[in-house]
Amino acid sequence: GAEPLLRTVEQGVMARAGKSPLAIRLYGGLARLETEKGRPERALHYARRDLAARIDQHGRDHGSVASGYNNLGYGLEAVGRFHEAIVAYQQAVTLDARRRDPHSLKRAFPLGNLAQAEFNAGRLRAAREHFTEVLAVHAEVALEKPTRILLGQQAMLGETEMARGDLAAAGRSVDRYLQLAQRTPPTDVDRATAARQAAKLAFEQGRVAA
């Protein structure tokens, strides 16, 4: 497989103090490899090296560095360090905001990751704000066929509204998810997600009514 080759290249990069142009691709590849093998702590180690290599190559104010912070956020989330992941994603979002068109769909990726980390950390108000912002970016692009990412973000907004106890907003979010899913056309995953959210919403509404 690719692992022996990556390890050999890693030794060469380290011999050059990590300053080889291959460093970014190498560390990113090793981070993905460790993730696939179920070794999140090792993946996080290489995500940190990936970010350092990007800063070394490009300086701190560069789109590649935004990607590095985003990757670091993934690594931190994988080991349950959600508050640190939020900081990493915030760095990615800040760099993206300085370098990208505010209406670019690519802005939605780190912003959505930030919202997910905030949800996982229990920061529901911030998560709601950022999921809503992600959905607004998608709405501005107005793709004829919703992306899987858009559907996922809409589902997470519904989860966030339920967690906050705003059942009316959760109901609107579930309805919106169903509208979007019908345009894809819906997969088994979409149907299962919609059914789960509808059932959870009905349970919460019943509990409140009781």
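Restricting region 78-107 to residues that are of a type in the set (A, V, I, L, M, F, W, C) and touching a Gly at 6+ places or on another chain (Cβ under 9 Å), the residue that is surrounded by the fewest Cβ atoms within 10 Å (Cβ to Cβ) is Val87. When residues in region 41-61 are screened for being open to solvent by less than 60 Å² (accessible area, probe 1.4 Å) and outside any helix (DSSP H, G or I), 1 of them pass. Taking the criterion of being closer than 25 Å to Gln179 by Cβ, among the hydroxyl-bearing types (Ser, Thr, Tyr) and without any contact (Cβ under 8 Å) to a residue 60 or more places away in the chain, would at least one residue in region 97-120 satisfy it? Checked against the condition, which is being closer than 25 Å to Gln179 by Cβ, among the hydroxyl-bearing types (Ser, Thr, Tyr) and without any contact (Cβ under 8 Å) to a residue 60 or more places away in the chain, region 97-120 yields at least one hit.
Filtering region 134-152 to residues that are under 14 Å from Thr184 (Cα atoms), of a type in the set (D, E, K, R) and modelled with pLDDT of 75 or more leaves only Arg148.
Taking the numbered list (1) β-branched (Val, Ile, Thr); (2) open to solvent by 30 Å² or more (accessible area, probe 1.4 Å); (3) outside any helix (DSSP H, G or I) in turn, Thr132 passes all entries but (3).
For region 180-198, a residue qualifies if it is open to solvent by 60 Å² or more (accessible area, probe 1.4 Å) and either aromatic (Phe, Trp, Tyr) or within 22 Å of Ala127 (Cβ to Cβ) (or both), and the qualifying residues are Val189, Arg196. Evaluation of Leu178 against the conditions (1) farther than 26 Å from Ala85 by Cβ; (2) part of a helix (DSSP H, G or I); (3) at pLDDT below 85 shows that the sole unmet condition is (3). Against the condition in contact with a Gly (Cβ under 9 Å, 6 or more places away or on another chain) and either free of Cβ contacts under 8 Å to residues at least 12 places away in the same chain or buried (at least 23 other Cβ atoms within 10 Å of the Cβ) (or both), how does Leu72 come out, does it pass? Spelling it out, it is not the case that Leu72 is in contact with a Gly (Cβ under 9 Å, 6 or more places away or on another chain) and either free of Cβ contacts under 8 Å to residues at least 12 places away in the same chain or buried (at least 23 other Cβ atoms within 10 Å of the Cβ) (or both). Residues in region 95-112 that are in a helix (DSSP H, G or I) and either at pLDDT 95 or above or among the acidic types (Asp, Glu) (or both): 1 in all. Of all the listed residues (Ala126, Ala139), the sole one being under 25 Å from Asn71 (Cα atoms), assigned to a helix (DSSP H, G or I) and not basic (Lys, Arg) is Ala126. Please determine whether any residue of region 148-168 is among the acidic types (Asp, Glu), surrounded by 22 or more Cβ atoms within 10 Å (Cβ to Cβ) and closer than 23 Å to Ala47 by Cα. No: region 148-168 contains no residue that is among the acidic types (Asp, Glu), surrounded by 22 or more Cβ atoms within 10 Å (Cβ to Cβ) and closer than 23 Å to Ala47 by Cα.
The values are calculated or read from the model by the stated rules, or taken from the named source; none is laboratory data. Just so you know, these numbers come straight off a predicted model, no measurement behind them. All Cβ positions, glycine included, derive from the backbone under ideal geometry; neighbour counts span all protein chains shown. Quick note on the areas: whole protein, heavy atoms, side chains included, nothing else; ligands and nucleic acids left out. Shrake-Rupley method; radii C 1.70, N 1.55, O 1.52, S 1.80 Å.
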